[in-house]
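Engineer: Shown below is the structure under consideration.
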Amino acid sequence: MLEKIKPCKVMKYFEEISAIPRKPGEEEKIVEYLKQFAIERNLEYYTDNFKNIIIKKEASEGKEKFKPIALQAHTDMICEKIPESKHDFSKDGLELFIQDDFIKAKGTTLGADDGIGVAIILAVLDCEKINAPKLECIFTSEEETTMLGAINLDLSKIESNRIISFDGAKEGKLLVSSAECNEWKGKIDFNIEKADKNGFELIYDNFKGGHSGGNIGDETRGNPIKLAFDVIKKLKNVELSYVEGGSKVNVIPRNIIIKFTSDDKNAEEIIEKEIALQREYYGNEVKIECNKIQKIQKVIDRDSSNRIINFITSFQNGAIKRDKNNNVLQSGNMAKVKTNDANIEIEFSERSNVPEYEREYLKYLDNLIKKYEMKILWNQNLKGVPKREKNVLVDECKKLYKELFNEDLEEIVSQGVVEGGFFVNKKSECEYICIGPNIYDVHSPSERLSINSTIKTWKFIKELLNKM
Ligand SMILES: [Zn+2]
């Protein structure tokens, strides 16, 4: 069906790939397909134990002396469907259809993220008209969940010092840097004491939330955990009783409930004043409420209550550093808090595009952890692509884009985590960029791929390889 529309080869492969189930962790079938692709064309290939597959193609005639280049895409896709859909992502192929400029899938995600990347690379490998240096095509697994493929890819077997990834989803934009991300889950132990005091209940709800990488630059979203604790910090002699808010470490929280007592004579007045200011700033869509509660029976001892309050209010949150174009270069996210019988669990993260900012932050955070006697239960470090002073590949791309389309290719610095972070971490001299055609509503059943922007991306990559 798609073979009639341009760019024909890309569309042909996209349709073939879409017929193969590609759930994260179940990449066996797509790996087999890619293996057959290589065998049929007599191309060198190998796989590893992490469901990555690498296909290499020798340089075209006359390009033997040029440095090789790596092209990369992930083979798995997000599996979301509408409630009525009977689609089985482990067994069924997608049902594609065309609507205006878009390719869509019936009732499910389209998997253009990153199936179109795979298709573009296959079309490159199959195109006689491209006069390219040696190509090393890397297809990775489980990008959407664990980054298993990227984390474990053996880059010592890749000669290229330049990697072009096709997971961009925004035509006309060039991702040049992604964040290194640190995530933690910690706990602060406490003793429970009997009480018989009146107190308060702070309720925050319906904040916008969002992704802690993609949305952290938007100050209007607010962080209810931080906001509620900022209010409590203003009161004297607080004993917390119950705290619960947030959902996941990589999500900006949308809600919190805190129950507590305070001996502060002016507590009520202070709370009302503070939350009135917050309501004014965050508007009517959010809920910020304070209720009085009678006879709280159990409280967290005062010293531990203070350590919890001080840790959360001292935590550096939201966009911390930006560049001159207002891109966020560093951020923090106080993500989740939950009291148990004898401790409170706190989840939080930090993201930096500049290694020096990260070092400073970690030093500051380490002090907080020690000072307020937090025990770290779990932590994870996801690698980033630091912003480079000089990137020849970026310069080449920008020049060519202008020549071809008379438009500027916009550089993107992302707070998100991309597979490239793990590549550059293993090979620091490696130049990395990420591009791709426009895909809208990624990760949802409304996902759709723009045909026109696929044509543009294809033209661009063809010319880029020809010029190299
Ligand atoms: Zn993707």
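Engineer: Is at least one residue of region 41-60 within 23 Å of Ile461 (Cβ to Cβ) and touching a Pro at 6+ places or on another chain (Cβ under 6 Å)?
Structural biologist: Yes; the residues of region 41-60 include at least one that is within 23 Å of Ile461 (Cβ to Cβ) and touching a Pro at 6+ places or on another chain (Cβ under 6 Å).
Engineer: Right, here's the next one. From the list Asp101, Asp114, which residue is in contact (Cβ under 8 Å) with a residue 40 or more places away in the chain, within 25 Å of Ile451 (Cα to Cα), among the charged types (D, E, K, R) and buried (at least 17 other Cβ atoms within 10 Å of the Cβ)?
Structural biologist: The conditions single out Asp114.
Engineer: Can you confirm whether Leu404 is of a type outside the set (Asp, Glu), assigned to a helix (DSSP H, G or I) and out of contact with any strand residue (DSSP E or B) (no Cβ under 9 Å at 6 or more places or on another chain)?
Structural biologist: Judged against the criteria, Leu404 is a match.
Here's the yes/no breakdown for (1) at pLDDT 95 or above; (2) away from the ligand (no atom under 13 Å from the Cβ); (3) not in a helix (DSSP H, G or I):
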| position | (1), (2), (3) |
| --- | --- |
| Val417 | no, no, yes |
| Ser428 | no, yes, yes |
| Gly436 | yes, no, yes |
| Ile455 | yes, yes, no |
| Leu464 | yes, yes, no |
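Engineer: Out of region 342-359, which residues are out of contact with any Pro (no Cβ under 7 Å at 6 or more places or on another chain), in a helix (DSSP H, G or I) and farther than 15 Å from Ala319 by Cα?
Structural biologist: Glu356, Arg359, listed by residue number.
Engineer: Restricting to region 47-95, name every residue that is of a type in the set (Val, Ile, Thr) and in contact with a strand residue (DSSP E or B) (Cβ under 8 Å, 6 or more places away or on another chain).
Structural biologist: Thr47, Ile53, Ile54, Ile55, Ile69, Thr75, Ile82
Engineer: Testing Asp196 on (1) under 25 Å from Thr145 (Cα atoms); (2) out of contact with any Pro (no Cβ under 7 Å at 6 or more places or on another chain); (3) more than 16 Å from the ligand (Cβ to nearest atom); (4) not basic (Lys, Arg), one condition comes back false. Which one is that?
Structural biologist: (1)
Engineer: (1) in contact (Cβ under 8 Å) with a residue 40 or more places away in the chain; (2) surrounded by fewer than 18 Cβ atoms within 10 Å (Cβ to Cβ): which one isn't true of Glu350, the others all being true?
Structural biologist: With (1) in contact (Cβ under 8 Å) with a residue 40 or more places away in the chain; (2) surrounded by fewer than 18 Cβ atoms within 10 Å (Cβ to Cβ) applied to Glu350, the lone miss is (2).
Engineer: If only one of Glu95, Glu142 is in contact with a Pro (Cβ under 6 Å, 6 or more places away or on another chain) and either farther than 29 Å from Gln380 by Cβ or within 16 Å of the ligand (Cβ to nearest atom) (or both), which one is it?
Structural biologist: Glu142
Engineer: Okay, moving on. When only residues in region 26-46 that are surrounded by fewer than 15 Cβ atoms within 10 Å (Cβ to Cβ) and not in a helix (DSSP H, G or I) count, which is nearest to the chain's Cα centre (by Cα)?
Structural biologist: For region 26-46, the residue satisfying everything is Tyr46.
Engineer: While we're on this one: So, Glu285, is that one in a loop (DSSP other than H, G, I, E, B) and surrounded by fewer than 19 Cβ atoms within 10 Å (Cβ to Cβ) or not?
Structural biologist: Yes.
Engineer: Right, next: Going by what's in this entry, would Ile120 be described as within 15 Å of the ligand (Cβ to nearest atom), closer than 30 Å to Tyr432 by Cα, of a type in the set (Val, Ile, Thr) and assigned by TED's automatic domain parsing to the domain that holds Lys157?
Structural biologist: yes
Engineer: Provide a single number: the residues in region 406-415 that are away from the ligand (no atom under 15 Å from the Cβ) and under 15 Å from the mean Cα position of the chain (by Cα).
Structural biologist: Final tally of qualifying residues: 2.
Engineer: In region 171-209, what residues are surrounded by 17 or more Cβ atoms within 10 Å (Cβ to Cβ) and in a loop (DSSP other than H, G, I, E, B)?
Structural biologist: Glu171, Gly172, Ala179, Phe190, Phe207, Gly209
Engineer: Let me ask something else about it. Of the residues in region 49-88, how many are within 16 Å of the ligand (Cβ to nearest atom) and not β-branched (Val, Ile, Thr)?
Structural biologist: Total satisfying the criteria: 10.
Engineer: Could you give every pair whose Cβ atoms fall below 9 Å, whose first residue belongs to region 163-177 and is at pLDDT below 95 and of a type in the set (Ser, Thr, Tyr), and whose second residue is in a loop (DSSP other than H, G, I, E, B) and away from the ligand (no atom under 12 Å from the Cβ), counting only separations of at least 6 or pairs across chains?
Structural biologist: Short answer, once both residue conditions are applied: Ser177/Asn327; Ser177/Asn353; Ser177/Val354; Ser177/Gly384; Ser177/Pro386; Ser177/Lys387; Ser177/Arg388; Ser177/Ser414.
Engineer: Within the set of pairs 6 or more residues apart or between chains, which connect a residue that is under 17 Å from Tyr372 (Cα atoms) inside region 315-343 to a residue that is aliphatic (A, V, I, L, M) and assigned to a strand (DSSP E or B) with Cβ atoms less than 6 Å apart?
Structural biologist: Going by the 6 Å Cβ cut-off, the qualifying pairs are Phe315/Met334; Val337/Val243; Val337/Ile346; Thr339/Val243.
Engineer: Another question, then. Looking only at residues that are in contact with a Gly (Cβ under 9 Å, 6 or more places away or on another chain) and assigned to a loop (DSSP other than H, G, I, E, B) in region 438-453, which one is nearest to Val118 (Cα to Cα)?
Structural biologist: Selected residue: Asn438.
Engineer: Go through (1) surrounded by fewer than 12 Cβ atoms within 10 Å (Cβ to Cβ); (2) farther than 30 Å from Pro386 by Cβ and name the single condition Asn266 misses.
Structural biologist: Against the list (1) surrounded by fewer than 12 Cβ atoms within 10 Å (Cβ to Cβ); (2) farther than 30 Å from Pro386 by Cβ, Asn266 comes up short only on (1).
The values are calculated or read from the model by the stated rules, or taken from the named source; none is laboratory data. Keep in mind the model is a prediction, meaning the values are calculated, not measured. Every residue, glycine among them, receives a Cβ derived from its backbone with ideal geometry; neighbour counts consider all protein chains shown.
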